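Have a look at the structure below, then the notes.
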Amino acid sequence: MNRGHIVIDDVVKVYDPQGAAVLAVDHCSLEIEPGEICMIVGPSGCGKTTLLNAIAGFHEITSGRIVMDGEVLCSTEKPKSAPGPDRIVVFQNGALFPWKSNLENVIFGPVVQGKLARKDAIDKARAMLADAGLAGVERNYPGEVSSGMRRRVEIVRALMNDPKALLLDEPYRALDSLTKSVMHEALLEIYYKNKVTIFFITHDLEEAIFLGHRVAIMTTRPCKPKKILNVDIAHPRDYGVLTSKRFRELIEETNDAVHEEALKAFQAGEKEG
Amino acid sequence: MEAALRAGEANGAIAALRDATPFRDAAEALLQRIAAIARPARFGAGTRIYGANDAADDIFVLVSGRVEHVFKPEVGAREAHKRMTRGGVFGWAGLLLGQTQRLASVTATEPTEVLRLDTEELVKLLESEPLEGPLVMERFATMIQREFTLPALLAQVRRLSGPLTEEMSSISLTMYRLSLWLKSPRPYLMVIGFALFLGFWYLAVEVWKLPRFREMPGVTSVVKEWLAPEPTYGLSIYTAEYYQHIWMSVWRVTQAFFLATLLGVPVGLLLGWSRKFKQYLFPVFETLRPIPILAWVPLAIVMFIATESAVVYLAFLASFFATALNTMLGVESIDESYIRAADCLGANQWQVFRHVIIPGALPFIFTGLQISIGVSWFSLVAAEMVSGQYGLGYVINTSYMMVRYPTIIIGMATLGIVGYATSAMVRIAGDYLMEWRVRELALTER
């Protein structure tokens, strides 16, 4: 399978070009292989979400281009792409519709696109939920289940559309560390069953190395890759990896780079304030 | 072959169930029904009752003996080992959301007697008990979290379907809510609140005769007049005229409120949804909104020669602004990520509007409708006092001119009661349409 190949080519994003221009993304190039888990690490506010919004089609870019599987999503000439079910975002605070039951949420994509009849969508949704260990939550509203379950339902809702890529924007930020560790394994389990490209933004280095094939450490505003780490720990992974020697070595190798950027962001924040 | 329990055994089974946390406070009738589906079983010392990852299709209640219960490590229970004696309940994994397999292995360490309950059969039985079923499930959840130290993430029980959530008739649902309400301290506090208020009125006017209160009608004279078959001033619950006034006011408010909702909600949705529309309309809107309703009276009388439509128009005007403004705020309050998520999932503009904007704004819309019905009454009475025939505002105004003080109070109290009833109806309609929100709030209140 050869889908979900994303090329970010020399992308620049300047906010507010008329007034005080802020360079958010600076000549950023990055290639994400089909079916790869690519982790983007950087301090909060470094501009990594801007990059995700450009891929998703929520924001315009200033110049450069982003190509997915040969199709130009956006470029200098056509700065904004239309969001669509081939690349679905999983949001930081979760965006399951609280007024729809979990089942109604999961079938939303295929039903509004007219790809599946309601009844077929329900059958598919039930099967996928059960497969993700979520049998029995269909009738509940998102507000009635734990935040960990909500995240999993949201990922299932995305996968219902058979996307080429999932774009995750710090989805586990608000979760406690115990839940987080369960969620990481759950995400990997889902990933092993449905190979999609995963573009995953985080500020947590351990999370990045545990999950990713590659980890791109970004510079803080403007945002561009500072260092790209190949995580040479074989998949499938489980929680044992966290205590392995290689995992610790990789952390040590990259910790300085991350810390340096965090410090820069911190000082920049002080100047602004 | 397991025979049905005989009478003596059934009593034994009920006693054993009562010793188990989830069934402790259950009614006799429910315990009898549960005992009827229970199958007794015995295990010798050292027998493994079930292993981790077996299918979780029945639940065990310990009658006598002792078992050792060991969670598999992935479960993350704070205490993995647990010894259980009479009253212990295990094998409940099938009641949890998303679980179909055993989470633990259980071994009898002494000769042990148990009652086996088929999980699905038990769930079906609990679903047929709209009052007690959910309580039993809740006690299961508490037990699993407290006694078994399971993380909250896992310890979530399934929701019962059936009567309570889907097929239960609205009457029995109302009765159920009523019985819950009567069990809470709220109604009694409410009665005390009213008693204090009326008591103060009585003392201030009739006993202490405080200055300023002296001229007011006392509570006893008002109540006497209100309930008199032949009232001194011509208005009580026995006179047809009383109901004519109520009906007139209710009918006017109803027209005004529905008209205001019919126009206000779409205008509010458009104001919130379309930036251009807002730029045209909002400044006009904000200029008209603060003008008090009484200032509209002359214009209303000029516009509508018939006083009837003038009165309704005034009540409508105030409602309309409240509804439209709150609806607009509702649309603007919707988290951008819901709209983006719908875009990602391939929804078109109209689908976003229908599936995200409208339901997302609904909580604000209903807040607006609550305010709207209130101001509708408020401006109606003002309008009725200025012009109009019949209606509660008219009663109050004419009673004042004819020095019928108790009747003024009757008119005011009736307004209070009818106004409260209409706003309660709006709230009930809102709860009905926003079940998701009622459930969410119920969870956070606990």
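Would you point out which residue out of B:301, B:291 is among the aliphatic types (A, V, I, L, M) and either in contact with an Asp or Glu (Cβ under 9 Å, 6 or more places away or on another chain) or free of Cβ contacts under 8 Å to residues at least 60 places away in the same chain (or both)? Working first, answer last.
On the way: B:301 fails: either in contact with an Asp or Glu (Cβ under 9 Å, 6 or more places away or on another chain) or free of Cβ contacts under 8 Å to residues at least 60 places away in the same chain (or both).
Just a single option satisfies the conditions, and that option is B:291.
Taking (1) more than 11 Å from chain B (Cβ to nearest Cβ); (2) under 16 Å from the mean Cα position of the chain (by Cα); (3) surrounded by 19 or more Cβ atoms within 10 Å (Cβ to Cβ); (4) farther than 29 Å from residue A:61 by Cα in turn, residue A:231 satisfies each apart from (2).
Out of the residues in the range B:389-423 meeting the condition of being under 20 Å from the mean Cα position of the chain (by Cα), among the small types (Gly, Ala, Ser) and surrounded by 12 or more Cβ atoms within 10 Å (Cβ to Cβ), tell me which one is nearest to residue B:364 (Cα to Cα). Filtering first and then ranking leaves B:423.
Applying the selection to the range B:396-446, what residues are among the β-branched types (Val, Ile, Thr), within 14 Å of chain A (Cβ to nearest Cβ) and in contact (Cβ under 8 Å) with a residue 60 or more places away in the chain? Lay out the reasoning, then the answer.
Step one: of the range B:396-446, the residues among the β-branched types (Val, Ile, Thr) are B:396, B:398, B:403, B:407-410, B:414, B:417-418, B:422, B:426, B:428, B:438, B:444.
From what's left, within 14 Å of chain A (Cβ to nearest Cβ): B:438, B:444.
If the condition is that a residue be among the β-branched types (Val, Ile, Thr), within 14 Å of chain A (Cβ to nearest Cβ) and in contact (Cβ under 8 Å) with a residue 60 or more places away in the chain, then no residue fits.
Scanning the range B:121-131 for residues that are within 14 Å of another protein chain (Cβ to nearest Cβ), outside any helix (DSSP H, G or I) and farther than 26 Å from residue B:12 by Cβ turns up nothing.
Is it the case that residue A:143 is facing chain B (nearest Cβ under 10 Å) and surrounded by fewer than 16 Cβ atoms within 10 Å (Cβ to Cβ)? No; evaluated as a whole, the condition is false for this residue.
How many residues, within the range A:62-95, are among the hydrophobic types (A, V, I, L, M, F, W, C), farther than 20 Å from residue A:115 by Cβ and within 8 Å of chain B (Cβ to nearest Cβ)? Within the range A:62-95, residues that are among the hydrophobic types (A, V, I, L, M, F, W, C), farther than 20 Å from residue A:115 by Cβ and within 8 Å of chain B (Cβ to nearest Cβ) number 2.
The residue that is farthest from residue B:389 (Cα to Cα), counting only those in the range B:306-339 that are within 12 Å of chain A (Cβ to nearest Cβ) and surrounded by fewer than 20 Cβ atoms within 10 Å (Cβ to Cβ), is B:337.
Within the set of pairs 6 or more residues apart or between chains, which connect a residue that is facing another protein chain (nearest Cβ under 9 Å) inside the range B:87-100 to a residue that is among the acidic types (Asp, Glu) and not in a strand (DSSP E or B) with Cβ atoms less than 9 Å apart? Qualifying pairs under 9 Å: B:100/B:57.
Evaluation of residue A:135 against the conditions (1) within 11 Å of chain B (Cβ to nearest Cβ); (2) at pLDDT below 90; (3) closer than 24 Å to residue A:213 by Cα shows that the sole unmet condition is (3). For the range A:61-76, the set of residues classified as in contact with a Lys or Arg (Cβ under 8 Å, 6 or more places away or on another chain) and in contact (Cβ under 8 Å) with a residue 24 or more places away in the chain consists of A:61, A:62, A:68, A:69, listed by residue number.
Can you find a residue that is under 30 Å from residue B:389 (Cα atoms) and outside any helix (DSSP H, G or I) anywhere in the range B:276-289?
Here is the first cut: in the range B:276-289, the ones under 30 Å from residue B:389 (Cα atoms) are B:288-289.
With the extra rule that they be outside any helix (DSSP H, G or I), the set shrinks to B:289.
Looking for residues that are under 30 Å from residue B:389 (Cα atoms) and outside any helix (DSSP H, G or I), one finds at least one in the range B:276-289, hence yes.
When you look at residue B:259, is it in contact (Cβ under 8 Å) with a residue 12 or more places away in the chain, part of a helix (DSSP H, G or I) and farther than 21 Å from residue B:425 by Cβ, yes or no? Write out each step before concluding.
Details: in contact (Cβ under 8 Å) with a residue 12 or more places away in the chain: yes; part of a helix (DSSP H, G or I): yes; farther than 21 Å from residue B:425 by Cβ: no.
No; evaluated as a whole, the condition is false for this residue.
Among the residues making up the range A:98-131, those that are facing another protein chain (nearest Cβ under 9 Å), hydrophobic (A, V, I, L, M, F, W, C) and surrounded by 22 or more Cβ atoms within 10 Å (Cβ to Cβ) are A:99, A:108, A:129.
So, residue B:393, is that one in contact with a Leu (Cβ under 9 Å, 6 or more places away or on another chain) and in a helix (DSSP H, G or I) or not? Yes; evaluated as a whole, the condition is true for this residue. Looking across the range B:201-214, just one residue is loosely packed, with under 12 Cβ neighbours inside 10 Å and in a helix (DSSP H, G or I), and that is B:207. Restricting attention to the range A:146-156, the residues that are in contact with a Pro (Cβ under 9 Å, 6 or more places away or on another chain) and at the interface with chain B (Cβ under 9 Å from one of its Cβ atoms) total 2. Of the residues A:58, A:97, A:91, the single one that is out of contact with any strand residue (DSSP E or B) (no Cβ under 7 Å at 6 or more places or on another chain), within 23 Å of residue A:221 (Cβ to Cβ) and among the aromatic types (Phe, Trp, Tyr) is A:58.
Scanning the range B:99-114 for residues that are outside any strand (DSSP E or B) and under 12 Å from residue B:47 (Cβ atoms) yields B:109, B:110, B:111.
Residues in the range B:351-368 include at least one that is surrounded by 16 or more Cβ atoms within 10 Å (Cβ to Cβ), more than 14 Å from chain A (Cβ to nearest Cβ) and in a helix (DSSP H, G or I).
A single entry from B:45, B:77, B:55, B:20 fulfils the requirement of being over 17 Å from residue B:106 (Cα atoms) and either free of Cβ contacts under 8 Å to residues at least 24 places away in the same chain or not basic (Lys, Arg) (or both): B:20. Kindly check whether there is at least one residue in the range B:73-81 that is in contact with a Ser or Thr (Cβ under 9 Å, 6 or more places away or on another chain) and either crowded, with 19+ Cβ neighbours inside 10 Å or not assigned by TED's automatic domain parsing to the domain that holds residue B:144 (or both). Yes.
Yes/no matrix, rows are residues, columns are (1) acidic (Asp, Glu); (2) surrounded by 15 or more Cβ atoms within 10 Å (Cβ to Cβ); (3) modelled with pLDDT of 90 or more:
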residue	(1), (2), (3)
B:42	no, no, yes
B:61	no, yes, yes
B:112	no, yes, yes
B:115	no, yes, yes
B:121	yes, yes, no
B:132	yes, yes, no
B:136	no, yes, no
B:146	no, no, no
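Quick one: which of A:53, A:2 is surrounded by fewer than 23 Cβ atoms within 10 Å (Cβ to Cβ) and either within 12 Å of residue A:221 (Cα to Cα) or at pLDDT below 90 (or both)?
Working: A:53 fails: either within 12 Å of residue A:221 (Cα to Cα) or at pLDDT below 90 (or both).
Of the residues listed, the single one that is surrounded by fewer than 23 Cβ atoms within 10 Å (Cβ to Cβ) and either within 12 Å of residue A:221 (Cα to Cα) or at pLDDT below 90 (or both) is A:2.
Residue A:82 falls short on exactly one of the conditions (1) among the aliphatic types (A, V, I, L, M); (2) out of contact with any helix residue (DSSP H, G or I) (no Cβ under 9 Å at 6 or more places or on another chain); (3) in a loop (DSSP other than H, G, I, E, B), and that condition is (2).
Each residue in the range A:157-168 was checked for being more than 9 Å from chain B (Cβ to nearest Cβ) and of a type in the set (D, E, K, R), and 2 pass.
The values are calculated or read from the model by the stated rules, or taken from the named source; none is laboratory data. Quantities reported herein were computed from a predicted structural model and do not represent experimental measurements. FYI the Cβ positions are ideal-geometry reconstructions off the backbone, even for glycines, and counts take in every protein chain you see.
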